[in-house]
Amino acid sequence: MPQKIKLPSLLAVEILGTCAFELWNKGHNQCFLIKDNSHAYLFDAGSISALSYEYRAVFITHYHIDHTRYLLKLKTRVIVGPEVSDGMELDTSKGGKIVRYDAKSGLDVLKKLFEFKQVNCTKPPHVVYDDETIQVTSIPVNHAVGLFCTGYLVKNKATGNHIWISGDFGSMANDSINAIKKARPVQSFIELTYPDSYEPDGHQSYFSALRLVKELGIPDYRFVHLSYRWADIISERGLTSQIILPKIAKHREIYYF
Ligand SMILES: [Zn+2]
């Protein structure tokens, strides 16, 4: 009799959207689906493709519309996201309309529709969600002034492997950098808004993202959240996005961890 070996279950990450706020690339803004045979989880809600699934939990990096466009229409009970502050952007219309909330009414909207688990982004990285399939750790980052923002380390508890979803960011504290280094994510999805010719403010440029990749010593990564400025460069030079940035995550591409 051959010995039976039980293999650990891999989780799939499907890229539902990669581009920044501007509605190019068919408007599939930031959105990642993580799933196995029985459960689905969502990280950011910027793509209409997110409406095709039912989620055990949904994680939001911050409340800009390119990350929250379909949030209020999702089939889920649990939303995990940063503390709500003034300037939260949600879409209560049929899609594409930005509505800005103050902290109190934004929080009221979330609490009315979901069980809302608030991530404290002023605290160093800590576990914010845990079930038998995944464990999720917040990785706070600095993005827009006055708006809390966090990335997430997601651990597949069967394999022990991590992935890192950065969220939008210009910089992050040493605690966050050290947590990523310690987890050694097998795959990282890194926000990169600007081409090299633009100065980053609350975002990464091509060069700053490459510097960070080197500093973190991560084995593999894909870039997400491209600005329309990349589209100008791409069409100017008559190239495809894959030639300009070979590490771009593509819509509907799937990774495993
Ligand atoms: Zn943003």
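So which residues in the range 142-185 are touching a residue at least 60 places away in the same chain (Cβ under 8 Å), within 12 Å of the chain's Cα centre (by Cα) and outside any loop (DSSP other than H, G, I, E, B)?
CYS149, THR150, GLY151, TYR152, VAL154, ILE163, ILE165
Answer yes or no: is there a residue in the range 74-95 that is at pLDDT below 95 and among the polar types (S, T, N, Q).
yes
Name the residue that is farthest from the ligand (Cβ to nearest atom), counting only residues in the range 115-169 that are of a type in the set (Gly, Ala, Ser) and buried (at least 23 other Cβ atoms within 10 Å of the Cβ).
Out of the qualifying residues, it is SER138.
Tell me which residues, restricted to the range 1-45, are under 18 Å from LEU153 (Cβ atoms) and among the small types (Gly, Ala, Ser).
Within the range 1-45, ALA12 is the sole residue that qualifies.
Which one of SER241, SER197, SER227, SER208 is exposed (fewer than 14 other Cβ atoms within 10 Å of the Cβ) and at pLDDT below 95?
The conditions single out SER197.
Mind checking whether some residue in the range 9-16 is closer than 20 Å to TYR255 by Cα, among the polar types (S, T, N, Q) and out of contact with any Phe, Trp or Tyr (no Cβ under 9 Å at 6 or more places or on another chain)?
Yes - at least one qualifying residue is present in the range 9-16.
Within the range 50-62, restricting attention to residues that are within 15 Å of the chain's Cα centre (by Cα) and either surrounded by fewer than 18 Cβ atoms within 10 Å (Cβ to Cβ) or under 20 Å from GLU83 (Cα atoms) (or both), which residue is farthest from the ligand (Cβ to nearest atom)?
Residue satisfying both the conditions and the ranking: ALA57.
SER49 - would you say it is within 30 Å of ILE177 (Cα to Cα), among the hydroxyl-bearing types (Ser, Thr, Tyr) and either in a loop (DSSP other than H, G, I, E, B) or touching a residue at least 12 places away in the same chain (Cβ under 8 Å) (or both)?
Taking the combined requirement at face value, the residue does not satisfy it.
Taking VAL80 as meeting all but one of (1) under 16 Å from GLN30 (Cβ atoms); (2) surrounded by fewer than 22 Cβ atoms within 10 Å (Cβ to Cβ), write down the number of the exception.
Unmet for VAL80, out of (1) under 16 Å from GLN30 (Cβ atoms); (2) surrounded by fewer than 22 Cβ atoms within 10 Å (Cβ to Cβ): (2).
In the range 52-85, how many residues are acidic (Asp, Glu) and either farther than 23 Å from ALA103 by Cβ or outside any helix (DSSP H, G or I) (or both)?
Of the residues in that region, 2 qualify.
The values are calculated or read from the model by the stated rules, or taken from the named source; none is laboratory data. Everything quoted here is computed from the prediction, not taken from an experiment. All Cβ positions, glycine included, derive from the backbone under ideal geometry; neighbour counts span all protein chains shown.
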